[in-house]
1. Can you tell me which residue in the stretch 112-125 is surrounded by the fewest Cβ atoms within 10 Å (Cβ to Cβ), limited to those that are farther than 18 Å from Glu195 by Cβ and touching a helix residue (DSSP H, G or I) at 6+ places or on another chain (Cβ under 6 Å)?
2. Output the qualifying pairs, or none if there are none: Cβ atoms under 7 angstrom, residues six or more apart or on different chains, first residue in the stretch 176-197 and farther than 18 Å from Gly54 by Cα and among the aliphatic types (A, V, I, L, M), second residue surrounded by 14 or more Cβ atoms within 10 Å (Cβ to Cβ) and modelled with pLDDT of 95 or more.
3. How many of the residues making up the stretch 101-150 are polar (S, T, N, Q) and over 9 Å from the mean Cα position of the chain (by Cα)?
4. Hey, can you tell me all the residues within the stretch 75-124 that are hydrophobic (A, V, I, L, M, F, W, C), free of Cβ contacts under 8 Å to residues at least 60 places away in the same chain and closer than 18 Å to Lys135 by Cα?
5. Please list, ordered by residue number, the helices (runs of 4 or more DSSP H) wholly in the stretch 1-104 having 3 or more residues that are β-branched (Val, Ile, Thr) and at pLDDT 95 or above.
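The values are calculated or read from the model by the stated rules, or taken from the named source; none is laboratory data. Just so it is clear, the structure is predicted and the values come from calculations on it, not from any experiment. Here the Cβ positions follow ideal geometry from the backbone for every residue, glycine too, while neighbour counts run over all protein chains shown.
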Amino acid sequence: MDKTKIMAVNEQTADSITETAGNYANVNGLQLYYEVHGQGEPLLLLPGAISGIGTAFGKLIPLLAAQRQVIAIEFQGYGHTADIPGRPLSYEHFADDVIELLRVLDLPKTDIFGYSTGAGVALQVAMRRPHLVRKLILASVSYQSKGRHPDLKTLFNPQFMQEALKDSPYEVEYMRTSKTPEDWSAHLAKVRTFEQHTQDWSADEISHIKAPALIIAGDADIIQPEHVVTLYRLFGGGSLGELSMPASQLAILPGTMHTALTQKTDLLMAMIPNFLDF
């Protein structure tokens, strides 16, 4: 992926949502930033490791918030949420933060829409605290490292990553929202370390998740399509619909790479409301 592609798919995304002062919650020694948009049943949005609310969900939030109370967060170290020196980035830590935020907000149960790293965090929350989750939307998610595209290592090459993200919407958003914009390179280094950890979650644990899932991937995503189908089957998918329609759903978006997935609002809004309301 070159820098021009990264910039093009997210052009003006952060400006698609109404400016808000946002909120901070004290969770696990972290001042976790979150925004609330709209009214109705709660829908928690979890972004990727190098994206914030604007770049991950900016175009979707006004559409989702028309019928739902959308709560969007930013993880440790990105944008409004400052880093904690000495605490590495991990799915487990992120899930701890989400679980504590739900306690602070007094949300006993919610739908969760996770994108990229956020989708992995949503899986962790569902495995560890199933009573907190009603339905899951998992966009571009793996549960084992072998499910990722083998060429992904190119993206996380330090020199390539730094150059590809220079002046990108991700960097621009970070510089605009972070209280320590000079830490951008340090954050990318922590993300690279995070991505090098082996992910090997139990298929048996996932198959015991009761919450239905809408599993979404691009056909040119960083997650291999066969891995996405395997995950769908772990959520009970794959039956003959005329005999037994599964509660979980699968969608592969055509002509879609990883960074463009949440920008395909026409396709996503044709699926998400129906899944959540079904």
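1. Val125
2. Val191/Leu89
3. 5
4. Across the stretch 75-124, the qualifying residues are Ala95, Val98, Ile99, Leu102.
5. Passing ranges, in order: 91-104.
Table: residues versus (1) under 28 Å from Ala217 (Cβ atoms); (2) touching a Ser or Thr at 6+ places or on another chain (Cβ under 9 Å).
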{"residue": "Val27", "(1), (2)": "no, no"}
{"residue": "Lys59", "(1), (2)": "yes, yes"}
{"residue": "Ala66", "(1), (2)": "yes, no"}
{"residue": "Ile71", "(1), (2)": "yes, yes"}
{"residue": "Tyr91", "(1), (2)": "yes, yes"}
{"residue": "Thr110", "(1), (2)": "yes, no"}
